[in-house]
Amino acid sequence: MDIAINLSKIIFLSLCCSFIGCAKKTDIVDLSLTSLNYSLDTVMIDPGNELLHLNAGLRMAALDAERDYLYNFNPSDHTIEKINLNSRRLEDKLKFEKEGPDGVGDMVFRMDLISGELVAFMGYIKAGIFDLKGRKVVEFPIADVNFEGDPLIKGERFEFLNTYMFDSQKMVGLIRNASEKSFALGMLDSNFRHLKKVPIPLDALENFRFVLSSPSRVQMSFPSANISEHNGSYLITNEVNNTILLYDSELDSLKEINYQPMLTEDRKTGKYTQVTETEEEFKQETQNVLKEISFMAPIWDEKNHRFYRFSHKAVNIGSNSIKEEEYKSSVYLTVFDADFNVIAESLVENLTKPPGFHFVKDGKIWMYENVEDELGFVRLSISDL
């Protein structure tokens with residue numbers, strides 16, 4: 001069913017353009033103002049007689065290339081919920097085994113759709129590729145130090161969460177050297193034996209890793225990074241600063257794209273106590289960093305040939321951030337052309353929390369929304385741009 005919200009309004013935007021190149025330099029050109037019409041509406045997914053898995057906020061979901069289907073992994077029954085985004089209905093539940101020769105394991109933290117017929121499940125020490133009938137095609141370690149080419153050395157390992165991705169030819173992931181506090185882009189070829197490492201400048205992330213170290217408990221918090229593919233190149237972004245790294249694997253070239261936001265800072269700048277001994281100190285530091293600007297990964301609009309990127313910062317955390325009414329963020333949207341020149345930047349007043357799982361379909365930004373434990377999407381439409 002569709003629930004129309006009709007929040008169309010005019011918002012003034014700041015325009016700026018940036019130079020794209022290998023140099024770590026931003027050139028600011030003329031600034032001007034423009035107006036942007038946008039509207040929001042909410043659509044719901046019909047689950048039939050099933051209960052869709054929403055506990056992870058679609059963190060283990062993936063889209064097909066045409067944006068016709070959403071595949072959502074449900075770890076409670078080890079199925080993939082195949083959701084038709086055109087009819088907005090649950091179309092099928094694809095069964096997988098937890099254990100055995102075709103088991104996906106019990107520690108899956110990410111799923112990636114490789115093609116219309118293959119899916120990858122990623123754990124902390126290994127990854128597996130399966131067909132959609134539940135049969136394992138290949139399994140390989142991601143903590144192996146004996147890869148051919150550029151092996152992992154002492155202190156290095158693939159990071160997890162949003163820092164893996166698969167395409168039809170390779171696995172790409174972010175490698176962190178804990179000893180040197182440095183990062184590299186790691187690419188495993190199609191036989192998952194040959195590793196290529198490309199150093200990338202993400203050292204700033206190290207200033208925002210927090211550790212609670214007490215006799216009774218150890219807890220960690222660290223900034224996110226993201227890798228995605230676009231036109232044969234890989235986009236690497238992070239939440240600490242707005243720099244976009246663009247790696248062309250064919251040319252073996254790395255570009256660093258910088259731009260100056262008009263409404264926010266371009267990076268986090270605070271100084272924090274990174275190792276704390278009490279839960280109160282740990283909570284305070286991790287909440288303080290939320291009040292600084294955070295950047296999300298760019299998403300591509302195939303219909304309009306432009307990128308969108310959200311950023312956000314908390315303006316009210318409250319005593320219990322689980323309660324929505326006590327947690328509020330300022331959310332901003334930056335629009336780029338296909339070459340990452342900034343077209344527009346705006347505060348999105350109707351969004352009071354950072355978007356969760358989001359993507360572009362048919363020229364609209366779809367943002368996951370839990371509507372009374374039912375799967376919904378808030379859709380943001382932009383016109384006159």
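The values are calculated or read from the model by the stated rules, or taken from the named source; none is laboratory data. Just so you know, these numbers come straight off a predicted model, no measurement behind them. Counting neighbours? That spans all protein chains shown, and the Cβs are built from the backbone with ideal geometry, glycine included. Calculation scope for accessible area: heavy atoms of the full protein, side chains included, ligands and nucleic acids excluded. Shrake-Rupley method; radii C 1.70, N 1.55, O 1.52, S 1.80 Å.
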Exercise. Share of region 31-92's accessible area from carbon and sulfur, percent, 1.4 Å?
Worked result: 42
Exercise. Farthest toward the dipole's positive end in region 239-374, which of F295, L251, M262, given Cβ charges of +1 (Lys, Arg) and -1 (Asp, Glu) about the Cα centre?
Worked result: M262
Exercise. How are the C-alpha pair distances of region 199-286 spread across 10 Å bins, as whole percents from the shortest bin up?
Worked result: 15, 36, 27, 16, 5, 0
Problem set entry | Relative pair counts by distance (%), Cα atoms of region 188-248, 5 Å bins | 4, 13, 18, 19, 15, 12, 10, 6, 2, 1
Exercise. Highest GNM mean-square fluctuation, the chain, Cα pairs closer than 10 Å: which of R176, R193, R306?
Worked result: R193
Exercise. Taking springs between alpha-carbon atoms closer than 10 angstrom, which of Y69, Y327, Y247 fluctuates most in the Gaussian network model of the chain?
Worked result: Y327
Exercise. How big is the chain in terms of Cα radius of gyration and Dmax, in angstroms?
Worked result: 21.1, 62
Problem set entry | Normalised convex hull volume, region 260-385, alpha-carbon set, Å³ per residue | 128
Problem set entry | 5 angstrom amide H check on V138, placed H, neighbours 5+ away | I129
Problem set entry | For region 89-183: Kirkwood Rh in Å [reciprocal of mean 1/r, alpha carbons] | 14.5
For this session: Please give the direction-averaged projected area of the C-alpha convex hull for region 153-233, in square nanometres with one decimal.
Result: 6.5
Seminar exercise, completed: As straight-line cross-link partners of K154, the qualifying lysines (C-alpha separation under 27 Å, not fewer than 8 residues apart within one chain) are K126, K170, K181, K196, K197
Exercise. How many Å² of accessible area per residue for region 157-288, probe 1.4 Å?
Worked result: 48
Exercise. Under the rule of -39500 (n - 2.57) per DSSP H run of 4 or more residues, summed and divided by the residues of the chain, what mean residue ellipticity at 222 nm is obtained, to the nearest 500 deg cm²/dmol?
Worked result: -1000 deg cm²/dmol
Exercise. Which percent of the accessible heavy-atom area of region 209-260 goes to carbon and sulfur, probe 1.4 angstrom?
Worked result: 45
